[in-house]
1. What pairs come up if the first residue lies in the range 73-89 and is buried (at least 17 other Cβ atoms within 10 Å of the Cβ) and in a loop (DSSP other than H, G, I, E, B), the second is modelled with pLDDT under 95 and not polar (S, T, N, Q), and their beta carbons are under 6 Å apart, counting only those six or more places apart or on different chains?
2. Scan the range 51-70 and give yes if some residue there is under 19 Å from residue 1 (Cα atoms), exposed (fewer than 13 other Cβ atoms within 10 Å of the Cβ) and of a type outside the set (Gly, Ala, Ser), otherwise no.
3. Hey, residue 133 hits all of (1) of a type in the set (D, E, K, R); (2) at pLDDT 95 or above; (3) more than 17 Å from the chain's Cα centre (by Cα) but one; which does it fall short on?
4. Of all residues being buried (at least 17 other Cβ atoms within 10 Å of the Cβ) and in contact with a helix residue (DSSP H, G or I) (Cβ under 7 Å, 6 or more places away or on another chain) in the range 100-134, which is farthest from residue 37 (Cα to Cα)? Just the residue, please.
5. Given (1) in contact with a Leu (Cβ under 7 Å, 6 or more places away or on another chain); (2) in contact (Cβ under 8 Å) with a residue 12 or more places away in the chain, identify the lone condition not met by residue 37.
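The values are calculated or read from the model by the stated rules, or taken from the named source; none is laboratory data. Keep in mind the model is a prediction, meaning the values are calculated, not measured. Note that we place each Cβ from the backbone using ideal geometry, even for glycine, and neighbour counts take in every protein chain shown.
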Amino acid sequence: MPFARITVAAADLPTETGARLATEITELLDKVLLKDAAHAVVHLNLTAPDRWFVGGERLADATGAHLEVSITAGTNTTAEKTEFVERAYEVLARNLGLLPAAVYVALYELDGESYGYNGVTQLARLRANPSGRD
């Protein structure tokens, strides 16, 4: 049940590109991090390119991007997280084209007793269904 926010330094982004990003990141959440795709949320956040700096410099021709994903702590292995970061970067590069020297992918691992959706914490969800995916 992850929440993903993709921030892109672009004044506008074609609808198809945004949809592809959401679909491909959701697929990675499902296949790599083993999260339930039906409950995955992807928020696309556009910001003005003149507000994005790398190395103290404004972007020239590159498209700045940052992916943040909230997941429940302890639900993924180091190998799964490493693979997700690598493949998520590839998704960003494939869909956004030229990227700057620094593009970050962050996995925020939140405690299950303080993170949840639809009014139920992940810890309560786990206790109700110990074999379920989050």
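1. Close Cβ pairs satisfying both conditions: 75/134.
2. Within the range 51-70, the subset under 19 Å from residue 1 (Cα atoms) is 67-70.
From the residues that got through so far, the ones that are exposed (fewer than 13 other Cβ atoms within 10 Å of the Cβ) too are none.
Looking through the range 51-70, none of the residues is under 19 Å from residue 1 (Cα atoms), exposed (fewer than 13 other Cβ atoms within 10 Å of the Cβ) and of a type outside the set (Gly, Ala, Ser).
3. Residue 133 satisfies all of (1) of a type in the set (D, E, K, R); (2) at pLDDT 95 or above; (3) more than 17 Å from the chain's Cα centre (by Cα) except (2).
4. Filtering the range 100-134 for residues that are buried (at least 17 other Cβ atoms within 10 Å of the Cβ) and in contact with a helix residue (DSSP H, G or I) (Cβ under 7 Å, 6 or more places away or on another chain), the one farthest from residue 37 (Cα to Cα) comes out as 103.
5. All conditions pass for residue 37, except number (2).
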